[in-house]
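The values are calculated or read from the model by the stated rules, or taken from the named source; none is laboratory data. Just so it is clear, the structure is predicted and the values come from calculations on it, not from any experiment. Cβ: placed from backbone, ideal geometry, glycine included. Neighbour counts: every protein chain shown. Areas reflect the complete protein model, heavy atoms only, side chains present, ligands, DNA and RNA absent. Shrake-Rupley method; radii C 1.70, N 1.55, O 1.52, S 1.80 Å.
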Amino acid sequence: MDTISKADHGTSAAHHTADSLRREVERLRLIQQISNQFNSSLDFDALLPQVFRTVLETLGAEGGSLWVAEGDMLTCRLAVGGASQRLIGAQMPVGTGFIGDVAQRQRTTVVTQAIQDPRYDAKVDATGDTDTSTVMATAMVAQGQTVGALQVTNKLTGNGIFDGGDRELFEGLAASAAIALRNAQLHTAERRARDLALLLEISREITGTLDLDRVLRSVVNLAARALPFDRGAVALYQDGRCEVRAVAGQEQVDPKDPRLQDLAVRAAWAAGRGEPFYLSDRATPASDAERTFLTIFGADLESDEVGSGLYLPLKDEEGIVGILLFEAAEARFAGDTQRELATILANQTTVALRNAQLYAQVPMVDAFTAIAARKRKLLAIPERRRAAAAVVAVVILAALTIIRWPLRVTGHEPAFRSTQHTEVRSLVPGIVDRVLVTEGSAVARGAPVAVLRDAELRAQRDGAAAAAAESERSAAQAAARGDAGEERRQRIRAASYRTQASVLDERVAASVIRSPSGGIVLTARPEERVGGHVDAGDLVVTVGRTDTLELEFGVEQRDVARVSEGQEIRLRVDALPQRTFAGRVSSIGRLPLDGAGEVRYPVRGMVPNLDGLLRPGMAAHARVLTEPASAVGRMLREPIRQARLLWWRFWS
């Protein structure tokens, strides 16, 4: 009987161990699954309720609270159940109170009410409840830093008491939640830093100029980097009316556009209201202001396919100067953070607009004052000195207009290459036995550059020649015997062997690879080809001429018309900065060079290189000497070109 009892006891212990292992595996699997859910989001505000709800549902708790660490304080962000709901928004220093003590010690604490343990003091419960319940709390710690704390109360199943398995599950959930919340906090901080950097960049852009139209265009175009709107505009406000002056993505604004007229009316309503206005969803208005706005403009918004909009008056102490507005087809296009960024942008825009308006009023007064002062100074100079100054001015003006010298057009990214580029290829397959040239060596036309192994070919050729001679002797013997048939057969066989020997002779001759043109060997380390196999047509070496090099460079589109064939090119190379080389333009490309920046066209020139100082691939600095021009012509050339383009755009 004792033996049977021991066996039963052992079997029971084994079942208990298996059950414990199974529960542990299930717990780990559940924690892993929930951890994946937590880490699927980086939105801190959306993640908090998800974590709290998941913890309560997983542990089967009736209520609890979620606290977030903010410096040395814990703030209750969520609470459910009884008096716990009154804790939302409450703060507690870390190290005081039940939750603060748990967060500081970073441990799990289970408190059982007096009905289970008479020694329990209800005053340590942070919720302040005195109902009988079981309370469990733990800190949320990630990488040694306390993110917050979790508390659950009143288990809804069993006897209402959280056991050791619940505590382990609670700790695992808290650890997963801590990592997810910490990642969300870091992501939010990083995104906030990017937003602030973007605002700083926009601020520098719009405050870096005092041109009113440029300020307006910069605001609406740069705002697209911070807000996901479909249409953005800025309007100036005066006497109850708005004038749309800039629209995102458009160079010009058509005041007769019906959609812009509707937009101006909506902007005037929002500007007259004097406060920022956000239409979150045209289909479901959330406030009286939104319902009033839809009553007035609902039909226009529907025809313009506007689902939501943000309208920000540009307002300072002197009043409303304009309005910044953004509209989108989708509902709720701007979140809290984006609306905050838009508000900051509106404040910066207000300052920039005021400065630009003041600047537009002041310069003319300053200009007229300066002209009058200079006129008084000029009249105060003695007449003889004024005459001498006039003569000097005429001489200088004549020199600037009469003296002419060639204009220089800069060549971008010039590069040398050989003028004659010949590829020496093998005519027959074989193994390279010898290479007769080195890199940089000069070769003449028809000179051998490499030799293939031909011992086998020569043996085959000698065998064919011997067979032909043998057949000739056999034919002579048959003729002596009077055997005409045998004689003819041997004659045919001899002719076949002679043809084969002739073909083999040609292959033996082709085993010596010769250069089809003279020049310099450009291939690096050609001697390394020895022992390698080549097929018919394979490249062995490259030969090019370097006594004259071709220089190719790019010329910007505004200067290419001034370049023509035969013009002189002057250049220097980094290797010889003290010496200037010269060449001539040989051709101008018709298609632009590939590139993502300025449009440039290829210009090619021939540069003599008799002393061999220039080499293909050298970095150079090149300029083309074009038609002569005076100093005045040089100074006025670009303004005149811009004026002609501007005249054509507006008046042609």
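Structure summary
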quantity: Inter-label distance for Ala466 and Ala643, nm, one decimal - labels placed 7 Å from Cα along Cα-to-Cβ; calculated: 9.6
quantity: 3J(HN,Hα) from dihedral phi, segment 421-438, Karplus parametrisation 6.51/-1.76/1.60, rounded to Hz, x for glycine, proline; calculated: 10, 10, 9, 8, 10, 7, 8, 9, x, x, 9, 5, 9, 8, 10, 9, 10, 10
quantity: Inter-site label distance for Gln91 and Gln37 at 7 Å from Cα along Cβ, in nm; calculated: 3.3
quantity: Nearest-0.05 FRET efficiency for Thr54 and Asp281, computed from C-beta distance (R0 25 Å); calculated: 0.30
quantity: Net charge, Glu552 excluded, C-beta distance under 13 Å - Lys, Arg +1, Asp, Glu -1; calculated: +1
quantity: Amide proton proximity set for Arg600, modelled H, under 5 Å, gap of 5+; calculated: Leu593
quantity: Relative contact order (%) - segment 505-553, alpha-carbon pairs under 8 angstrom, separation at least six; calculated: 45
quantity: Summed residue charge, Cβ within 12 Å of Arg417's Cβ, Lys/Arg positive, Asp/Glu negative; calculated: +1
quantity: Two-site FRET efficiency, Phe650 against Glu243, from Cβ-Cβ distance with R₀ of 22 Å, rounded to 0.05; calculated: 0.60
quantity: Positive minus negative residues near Ser587 (Lys, Arg vs Asp, Glu; Cβ under 12 Å); calculated: 0
quantity: Under-5 Å amide H pairs with Thr419, H placed in peptide plane, nonlocal only; calculated: Arg545, Thr548, Glu550
quantity: Exposure rank, largest accessible area first [Lys155, Lys256; 1.4 Å]; calculated: Lys256, Lys155
